[in-house]
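The values are calculated or read from the model by the stated rules, or taken from the named source; none is laboratory data. Predicted model, so just to flag it, every value in this text is computed and none were measured. Don't worry about glycine lacking a Cβ; one is built from the backbone with ideal geometry, like all the others, and counts go over all protein chains shown. Side chains included, ligands, DNA and RNA excluded: accessible areas come from the protein's heavy atoms. Shrake-Rupley method; radii C 1.70, N 1.55, O 1.52, S 1.80 Å.
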Amino acid sequence: MQAINHAATALILKRKFPSAPLFGLILATEAVEYLWVGLNLIGIERTVIDDGMASVADIHLEHMPFSHSIVTSFLAAAAVGLAVLWRGGRAASAVATAMALGVLSHIVLDLLVHAPDIALAPYFDEVKFGSGLYAGVPMTALALETLWGLLCWRVYGGGWKLLGLMALLALAAVPSYSANVNVGEAALGGQSTVFALTILLQMLVTSALLWHFARERRACPAAGRLAA
Ligand SMILES: [Zn+2]
């Protein structure tokens, strides 16, 4: 799933848990992906990209049982929640809950769009999970995840600049989701390290932009109360 649509989940969490820091929530929603980048770079997890890549359907997340499994996601969420509680005491329970939900949201959203490439747990990978949208109908996946991002924006009461950013990033993603629109994705064939670094850059830039534009909210009563 595109970085912006994972990170947008932080907007809903911020709405529900106003005391949680927005940037921390954004990082939490992408924590699993940062781990994936690191594990790919050092060769513990593996991604295969077909030569002549035309869309995300040609990217195969072949081995990622540590960053993207259902069990490790729950464990990571619990670890982050407990770490926040340990640092902040009982007063931090709302923040801890929000951060844990942020970490957990990642695998839930990935399951909704990924090819079946998500294991139950490390070493339990005979059956893998994922809706299969990326492998079969990537543009439908992009539409669905963009709708999720827009829902998050609406619930949060985000401003128009934030909406513009989300629309722009959705448009920019079309070439990598559509086999019919090509701006040079084929050059990525076999370049899994370049791909992982591209995802890292995309997450960092998207997180900073989302955080920046989320500071402005539409003048709706609910958003006003939260900002206070
Ligand atoms: Zn992911």
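Brief remarks on what is shown
- Cα-based reach from Lys161 at 15 Å (exclusive), listing aspartates and glutamates while leaving out same-chain residues under 8 positions away: Glu216
- When each of the peptides 40-49, 178-187 is scored by the mean number of other C-beta atoms lying within 10 Å of its residues, the order from highest to lowest reads 40-49, 178-187.
- Cα gyration tensor shape of segment 122-227, rounded if a/c is under 1.5, else prolate or oblate by comparing a/b with b/c: prolate
- Per residue solvent-accessible surface (Å²) - segment 1-109, probe of 1.4 Å: 41 Å²
- Inverse mean reciprocal Cα-Cα distance (Kirkwood Rh) of the chain, Å: 18.0 Å
- Around Ser105: net Lys/Arg minus Asp/Glu count, Cβ-Cβ under 13 Å: -2
- Here the chain exposes an accessible surface that is 69 percent carbon and sulfur, computed with a 1.4 Å probe and the other protein chains kept in place.
- Sum of side-chain charges, Leu133 neighbourhood, beta-carbon under 13 Å (Lys, Arg +1; Asp, Glu -1): -3
- Contact order, relative form, for the chain: 30 percent (alpha carbon pairs under 8 Å, 6 or more residues apart, mean separation divided by residue count).
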